[in-house]
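Undergrad: Below are the structure tokens for one structure; questions will follow.
The values are calculated or read from the model by the stated rules, or taken from the named source; none is laboratory data. Predicted model only: the values in this text are computed from it and were never measured. All Cβ positions, glycine included, derive from the backbone under ideal geometry; neighbour counts span all protein chains shown.
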Amino acid sequence: MELGSIVEFLNSKSILVIGATGFLAKIFVEKILRVQPEVKKLYLLLRAVDTKSAEERLHNEWDYLYLSLYMHGTIHAKCLCTALYSCVHVCVCMYILPRTHIEVTFFSLFVFSSAYVCGEDGGLIKENPFRLGTAKISTKLIDIGKEKKLVEEKLRNLHSVHAEESAITSYMKNYSSKRARMHGWPNTYVFTKAMGEMLLVHHNRGTVPLVILRPTMVTSTYHEPFPGWIEGVRTIDGVAVGYAKGKLKAFPFNPKLTVDVIPADMVINALTMAMVEHANRSTISEIIYHVGSSLRNPFKFSNFKELCIRYFVHNPLIDKDGKSIKVGKLTAFSSMASFRIYMAIRYSLALKVFHLAINTVLFQKSYKDKYIALERNLKRGMRMAELYEPYVFFKGIFDDANSEKLQRAATKTCSEAYAFNFDLTSINWEAYMMDAHFPGLVKHVLK
Ligand SMILES: NC(=O)c1ccc[n+]([C@@H]2O[C@H](COP(=O)([O-])OP(=O)(O)OC[C@H]3O[C@@H](n4cnc5c(N)ncnc54)[C@H](OP(=O)(O)O)[C@@H]3O)[C@@H](O)[C@H]2O)c1
């Protein structure tokens, strides 16, 4: 494995980024332009109905980048909204793109998946590819074409009876999670990622260098472009935000288990290293990288909980009336069953009392409002717990042998290894959470 100079590699390269409005895409493009303004071209492909809205979207989504790159004077010259596959050396795809969608074969392909495509496996999870059609729980094969047809048929039926958009969304969400569970994956997100990986590897058949990156739970940036940058409430932050807002006082999670988080800029550094290393290879190869922390620098749910409490007790959020939101205990339930019992006791009794009160003439309106609010909280709490269940009780540890090998090769053979650090062991979780992540979450998401 030889890496050489990343800056030299990027000089005169054209890179296509598919899904360019996303968070990781922004970090990637910002970094490339910062370290190598002489990159030949960056083609940014994004979804929009026409050119005008594509341009508007680019400007809106990339507001921050325009500001930060203004001084480099590069972005207008380097970023185009059209894809010109034939001029591209490297293609980075921010979602699973079946290989069949790309007709040309000159470039290396780097595709983002998720470490949780492993479903609910435990133990040491290897960086192995899927075989086409292999389900998680049954010996039966998944017929991906049939899955696609089933979904299309359901959609067609719903449209033919003029169902409302909200009803269609809700029905399709339930239907697709049922299909996912039937084949052994806990939700549609990882099920579709797994099927995407299967198709990608199957159709690629070694024709282009293919790298599948499987990050774990991506958190705010560790260092670059500045510490704590994040967009939207992601992964485990739903718990931190609910707690900070004073809405979440109990949640199901096992404090002893590892919460596998990884700062976003480290994912991008790993991607860039892999990109250079693979482009330098003389033979075409396909490889999967886990990018996560659970094996080499584990961070426990108990640590996350303790730091979250400490941070928001000392730095409370301010509510709309300008008052500090007081937060206290955060109770962990180490199984979904015990959490369900807690929620039933905590809310059901109160709901019954309010229901009775609604039927009295006096107080009718105020009790009705309270009843609705309580019912909404109960539903929201349960929905969130169910969404998080596969992750908060996840017992696997992600083996990152390929990433580790890349890291070692980078240290030895890459002249800019320090600038593309993705050594997870270098992270001090407490310092990162307290000085970068939580402040970043407040500043960039809860502002
Ligand atoms: N964030 C995490 O914690 C995490 C963890 C593990 C893996 N990953 C994976 O890493 C990748 C990037 O993550 P991110 O956090 O940057 O995600 P993100 O902010 O949601 O961005 C995803 C990008 O991909 C585009 N996209 C998604 N599906 C598409 C489709 N079918 N056709 C065209 N464009 C599509 C989105 O376009 P629109 O804006 O038009 O929707 C968006 O630009 C994703 O594949 C994600 O699943 C993320």
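Undergrad: Starting from the stretch 229-241, keep only residues that are more than 9 Å from the ligand (Cβ to nearest atom), then list their pairs with residues that are polar (S, T, N, Q) whose Cβ atoms are within a distance under 6 Å, requiring at least 6 positions of separation or different chains.
TA: 229/220; 229/221; 230/220
Conditions (1) of a type in the set (Lys, Arg); (2) outside the structural domain of residue 397 (by TED's automatic domain parsing); (3) touching a residue at least 24 places away in the same chain (Cβ under 8 Å), marked per residue:
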position: 110; (1), (2), (3): no, no, yes
position: 114; (1), (2), (3): no, no, yes
position: 117; (1), (2), (3): no, no, yes
position: 123; (1), (2), (3): no, no, yes
position: 130; (1), (2), (3): no, no, yes
position: 151; (1), (2), (3): no, yes, yes
position: 163; (1), (2), (3): no, yes, no
position: 171; (1), (2), (3): no, yes, no
position: 175; (1), (2), (3): no, yes, yes
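Undergrad: Do we have any residue at all in the stretch 19-26 that's modelled with pLDDT of 85 or more, in contact with a strand residue (DSSP E or B) (Cβ under 6 Å, 6 or more places away or on another chain), within 10 Å of the ligand (Cβ to nearest atom) and under 27 Å from residue 233 (Cα atoms)? Even if it seems obvious, please write down each step before you answer.
TA: At the first step, the residues of the stretch 19-26 found to be modelled with pLDDT of 85 or more are 19-26.
The next check asks that each one be in contact with a strand residue (DSSP E or B) (Cβ under 6 Å, 6 or more places away or on another chain); those that pass are 20, 25.
Now drop any that are not within 10 Å of the ligand (Cβ to nearest atom), which leaves 20, 25.
After this cut, where a residue has to be under 27 Å from residue 233 (Cα atoms) as well, the list is 20, 25.
Yes, the conditions are met somewhere in the stretch 19-26.
Undergrad: Using beta carbons and a limit of 7 Å, which pairs, at least six apart or on different chains, have the first residue in the stretch 2-22 and among the acidic types (Asp, Glu) and the second one not in a strand (DSSP E or B)?
TA: Partner pairs satisfying both residue conditions: 2/280; 2/413.
Undergrad: Kindly establish whether residue 179 is touching a residue at least 24 places away in the same chain (Cβ under 8 Å) and either more than 24 Å from residue 203 (Cα to Cα) or loosely packed, with under 12 Cβ neighbours inside 10 Å (or both).
TA: Here the answer is no, as residue 179 does not meet what is asked.
Undergrad: Separate question: Could you say which residue among 55, 30 is part of a helix (DSSP H, G or I) and farther than 24 Å from residue 227 by Cα?
TA: Criteria check complete, one pass: 55.
So that you can scan it fast, the table gives a plain yes or no per residue for (1) surrounded by 19 or more Cβ atoms within 10 Å (Cβ to Cβ); (2) more than 16 Å from the ligand (Cβ to nearest atom); (3) of a type outside the set (Asp, Glu):
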| position | (1), (2), (3) |
| --- | --- |
| 7 | no, yes, yes |
| 10 | yes, yes, yes |
| 34 | no, yes, yes |
| 37 | no, yes, yes |
| 43 | yes, no, yes |
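Undergrad: Something else: Scan the stretch 200-222 for residues that are more than 11 Å from the ligand (Cβ to nearest atom) and touching a residue at least 60 places away in the same chain (Cβ under 8 Å) and report the count.
TA: Summing the residues that are more than 11 Å from the ligand (Cβ to nearest atom) and touching a residue at least 60 places away in the same chain (Cβ under 8 Å) in the stretch 200-222 gives 13.
Undergrad: Here's a check for you: in the stretch 242-261, which residue that is out of contact with any helix residue (DSSP H, G or I) (no Cβ under 7 Å at 6 or more places or on another chain) and of a type in the set (Val, Ile, Thr) is farthest from residue 122 (Cα to Cα)?
TA: Per the criteria, the residue is 261.
Undergrad: Which one of these does residue 256 not meet: (1) buried (at least 19 other Cβ atoms within 10 Å of the Cβ); (2) more than 21 Å from the chain's Cα centre (by Cα)?
TA: Exception for residue 256: condition (1).
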